[in-house]
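Notes for the one structure printed next.
The values are calculated or read from the model by the stated rules, or taken from the named source; none is laboratory data. From a predicted model like this one, the values you see are computed outputs, not experimental measurements. Backbone-built Cβ (ideal geometry, glycine too); neighbour counts: all protein chains shown. These area figures cover heavy atoms from the full protein model, side chains too; ligands, DNA and RNA do not enter into them. Shrake-Rupley method; radii C 1.70, N 1.55, O 1.52, S 1.80 Å.
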Amino acid sequence: MKKNAIIDVNTAFEGSVLWCWQRINDLKGDRAEKRRQSSMRGWQMLGDLGRYMWPDIAGDAAFETVRQSSGRPGLIIDGVIHCASISHSRDLVAVAIAKGPDVMIGIDIEYRDPGRDIDALSRWLFDGDAEGRDFYQGWCDYEAAFKATGETDPLAQARATLIAIETIDGFSGALARV
């Protein structure tokens, strides 16, 4: 893990993906407003991570965060789009960027809500075989793979390589790469 003044940066998949998370302590307003603030912070973090990855890129014209037509976040570096991903849950935000332009990625984090009834959700997520499985990690795996592949069918998502990511107590996370 490398540290700079803004974010702690982690690498995955032999250094082909950089990712980070950050806790936001000053969210205000109702749930919708807090989600809007978290989303905005995710986009700011994406730019911060891009500048960390490519510190020699000069000027805003050569560097831009975008929402692609697919809805996926991206980072344009000297005219080339790099896949990016943003996730936020409660007061935690995570972002990831692929170093290469042909790499598809997805990141997901989820708060482990102790009050949530996850029995039925677990059976659905794990196709009836939820015994001994971690619902929250399974959900993060599913969401990260969906973001990387664009596929909702878990069988079609199998082409994604998944890793669990470390966050903070009370949260789960996953990163996927295709």
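Annotations for the structure displayed:
- The tail of the calculated P(r) for segment 10-177, taken as Cα-Cα distances beyond 25 Å, holds 33 percent of the pairs.
- Projecting the Cα atoms of Leu75, Ser172, Ala130 onto the charge dipole of segment 31-178, computed from C-beta unit charges around the Cα centre, puts Leu75 farthest toward the positive end.
- Using only alpha-carbon positions in segment 33-92, the gyration tensor eigenvalues give semi-axes of 22, 13, 9 Å once each is multiplied by 5 and square-rooted (largest first).
- Alpha carbon convex hull of segment 109-178, projected area averaged over orientations, nm²: 4.7
- The chain: angle of helix 135-149 to the longest principal axis, Cα-based, in degrees nearest 10: 40
- For segment 10-177: accessible area per residue (Å², 1.4 Å): 53
- Positive minus negative residues near Trp124 (Lys, Arg vs Asp, Glu; Cβ under 13 Å): -2
- Put a dot 7 Å past the Cα of Asp30, heading toward its Cβ, do the same for Val66, and the two dots end up 3.5 nm apart.
- Within the chain, helix-based [θ] at 222 nm, where runs of 4 or more DSSP H residues each add -39,500 (n - 2.57), nearest 500: -8500 deg cm²/dmol
- Among the protein heavy atoms of the chain, carbon and sulfur supply 48% of the accessible surface, probe 1.4 Å, non-protein parts ignored.
- Environment charge at Ile24 (Cβ cut-off 13 Å; Lys +1, Arg +1, Asp -1, Glu -1): +4
- Peptides 142-153, 111-122, 66-77, 36-47 ranked from most to least packed give 142-153, 36-47, 66-77, 111-122, packing being the mean of other C-beta atoms within 10 angstrom over each peptide's residues.
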